[in-house]
Every structure is written in structure tokens, then in C-alpha cells.
């Protein structure tokens, strides 16, 4: 399996041009991917810079042979009654067994700007790995309080899924919503975690990073980068070219894998040349 995760900034490049085509082309240049996880995908926000339009529909048209699943963290209507949605998208050419959308915690923090966040989960059937839960998300940037709450929620979602895989519920024999579900301990959790620590050596001590790695009775997640690169510092994924949000490049985008998939990680790469977004895409191959 090859998976790419990318915060697209609603497909807006550093030249200000919004282009879903450029995002797809950039991802395809990295790898012949099986799964594409995109964050900051817009629909109906026509007044945003670049007038993004209906990006889920655009991306579906650009990815023939893929199923496309859009999970809106923001889902609201403007004063004229027009629906506006903003969130995560997973596209895959692998067979899909389940789709889930999980709102993440949004505790009050009046000191900063913030917006709702969520995790989109698609369980696929990989011909080699078997069933794999693909979980993609985009955590809060401005509020560490909210970000930590969201990290804990991600850990609990993974732990709950692993517990269900270990002890599935009693299955209904008749066709109904109670019919058996596909559960798996194999998980890839990816996206923009906004762990914007400018010093690479300080990353592993960030509270959010420690929290997502903390051992759990039902499943643990591991950062895929050191599995592929050992002690080599993470490659930067944000502020590499555009310093609007800070003076130094940082690592904000990650791929975490379950213990069960850790031995399968072959490579993890970051495209350090792309300017199709203010973030760099990340590839993992298992």
C-alpha cells in the first residue's frame, strides 16, 4: 500500500492559484498511490482566496477509479442560505468496507481563533495487508488545549477500534444495521497535527506527541518516520517556503501506524520541492 497525506490549503498554491489538478498531479508525481488523504478541502466557500468551488466534486472527477469520501468538520450555511463545508477527504482505489466520520473535541478557548475538527475513517481491504483503518485529520492550530483534547480523542478512537477487533460484538444473522462489521487492529493515522515545534530535537517532548504515543491497553500508535529513518530528524512539512505563520520550517504533518503495521513500513518521504500548498505532502509505503 502507498498512501499520501497532504494539507492542501484548499488546493491553493504559494502563487495564490487554486488548482485541484495541481494537487493530484503533485501526488501522482510522488507515487502511484492507493490512498490519498487530503486536509483543508472546501465546498461552497466561494469568497475564500482563490474561490475554491466544489472541490470534492473536482477531485472525484480527477481520480477515475477511486472512491472519494469527504468529511466536513465545518458544515454550515451563510446568511443567504448557501451551504459551506470544509474538512478532510480520503480517496482510494482499494475496496472499501466501512466509512465513519468522528467529530473531535472542541473545548472552549476564547483566547484564540478556532473551528470544529474531525477525523474521517475509511476501512479498506488491501490485498497484502488485509483490512486497514485509514484515519485522517487536521487538528487545531491556535489552541494547544483543543489540540491536546483532539489527540486524546484520536487515541481513544483507535483503542476502541482495536478492542472491537479483539472482541467483536455479537452479530445479527439477518441483513440489518446489526449485521457483522469489519474490525481491524491495523491502522494508519495521518494528517496535519499542527505540532509546530521549530527545533527537531524538541518534537518528541511536545505534549501532543507524547500523548499520541502513550501506551494504551487496546492498541498503540507509532510515528512512522523513525521507523523508516531512525534518528534522522523529521523533514519539515510546513513553513518551508511561506513564512506567514512563523520564521522557521517545522514538522506539522505526520503518519502514525499501529504496532501491527510498524514492521511493514518500507519508506516515508516528504516532497521538499512542491509549492502547490503551504504544506508539503508526505508518502508512506507499506
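A few points about this structure:
- You will find that of 60, 91, 97, 20, the residue that is closer than 20 Å to residue 277 by Cα, touching a strand residue (DSSP E or B) at 6+ places or on another chain (Cβ under 6 Å) and touching a residue at least 40 places away in the same chain (Cβ under 8 Å) is 91 and no other.
- Yes/no for residue 76 being more than 24 Å from residue 188 (Cα to Cα) and in contact with a helix residue (DSSP H, G or I) (Cβ under 6 Å, 6 or more places away or on another chain): no
- Every condition in (1) surrounded by fewer than 13 Cβ atoms within 10 Å (Cβ to Cβ); (2) without any contact (Cβ under 8 Å) to a residue 24 or more places away in the chain holds for residue 166 except the one numbered (2).
- From the list 15, 25, 46, 32, the one residue that fits, being over 20 Å from residue 281 (Cβ atoms), surrounded by fewer than 17 Cβ atoms within 10 Å (Cβ to Cβ) and out of contact with any helix residue (DSSP H, G or I) (no Cβ under 8 Å at 6 or more places or on another chain), is 46.
- Any hit, the stretch 134-155, residues being under 23 Å from residue 6 (Cβ atoms), in a strand (DSSP E or B) and touching a helix residue (DSSP H, G or I) at 6+ places or on another chain (Cβ under 9 Å): yes
- Filter result for the condition that a residue is crowded, with 16+ Cβ neighbours inside 10 Å, in contact (Cβ under 8 Å) with a residue 60 or more places away in the chain and within 18 Å of the chain's Cα centre (by Cα), over 278, 223: 278
- Residues of the stretch 268-286 classified as over 21 Å from residue 213 (Cβ atoms) and either at pLDDT below 95 or touching a strand residue (DSSP E or B) at 6+ places or on another chain (Cβ under 9 Å) (or both), total: 11
The values are calculated or read from the model by the stated rules, or taken from the named source; none is laboratory data. The model shown is predicted, which means the values in this text are computed figures rather than measured ones. Here Cβ is always computed from backbone atoms with ideal geometry, including for glycine, and neighbour counts include all displayed protein chains.
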